[in-house]
Structures are given as structure tokens and as C-alpha cells.
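Everything below concerns the one structure shown next.
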Amino acid sequence: MKKFQDIEYKRPDLDQLKSEFATILEDFVQAESGEKQLELIRQMDTLKNNFLTEYSIAYIRHTVNTKDEFYDREIEFFNENMPVYEELIDRFNQAVLKSDFKPEI
């Protein structure tokens, strides 16, 4: 098991996140089965988990040493961009609520 200090941190690429999100959302809306939508929900969960994992690493490291300028900037990045992330997730959640395959997913 890795020690926390050995876990690699990489700032999420917001443009890539938006692009992947748009692809998953479009595929979800156009899916012709609940099975396909469920697969896309899992892909979205992976995307969300990756973003939130990086946030958690940055947050913990910043909390441990608030004088670390690198993680101070990373927390600023997340504070500025979390509303963008949340808006993306909200759009996907709205698509899930409107799904014709809700009983299957």
C-alpha cells in the first residue's frame, strides 16, 4: 500500500474534462438502451472520481502545510473551477432524470 506522500498529484485538465463530459453526455442522450446508459453512467462516475480524487489530494496536502505555495495555488484552482465542475455534473444528472430508461438504470 502506498503512503499518502507517495501518491502522485496531477492538476485536472479542465478542457479535457469538459470534452470528455460533452462526449459522455451526448452519447447518454442518444443511447438507445438502458444498458448503454448504465455504461455511460459508470464512465461519468470514473470521470467524477478522478477529478474529486485530485481535489482531495490537493486539499489534504494544503491542510497539512498551508504555507506550501504550490498547493495553495491548487486550492485556488479548485475554488475557481468547482462551479464549472458542478454545472457539468448537474447537466448530466438532469439528463439522467429525463431518461426514457430510468427503470433500467
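Mean separation of Cα pairs under 8 Å and 6 or more residues apart, divided by the residue count, gives the chain a relative contact order of 36 percent. Between TYR9 and ALA22, the modelled labels are 3.0 nm apart [label points 7 Å from Cα along Cα→Cβ]. With bins 5 Å wide beginning at 0, the percent of Cα pairs of the chain falling in each bin runs 2, 12, 20, 19, 14, 12, 10, 7, 4, 1, 0. Each label point was placed 7 Å from the Cα along the Cα-to-Cβ direction; for LEU38 and ASN65 their separation is 4.6 nm.
Here the calculated FRET efficiency for LEU52 and ASP100, from their Cβ-Cβ distance with R0 = 41 Å, stands at 0.90, rounded to the nearest 0.05. With a Förster radius of 25 Å applied to the C-beta separation of VAL29 and GLU86, the computed FRET efficiency comes to 0.80. Applying a length cut-off of 27 Å (Cα extent along the axis) and a mean Kyte-Doolittle floor of -0.5 to the DSSP H helices of the chain leaves 34-64. Pairs exceeding a 24 Å alpha-carbon distance, out of LYS36/LYS98; LYS10/LYS67; LYS10/LYS98; LYS48/LYS98; LYS10/LYS102: LYS10/LYS98; LYS10/LYS102.
Values quoted throughout were computed directly from the atomic coordinates according to the rules given, and no laboratory measurement underlies them. Everything quoted here is computed from the prediction, not taken from an experiment. Virtual Cβ from ideal backbone geometry, glycine too; neighbours counted across all protein chains shown.
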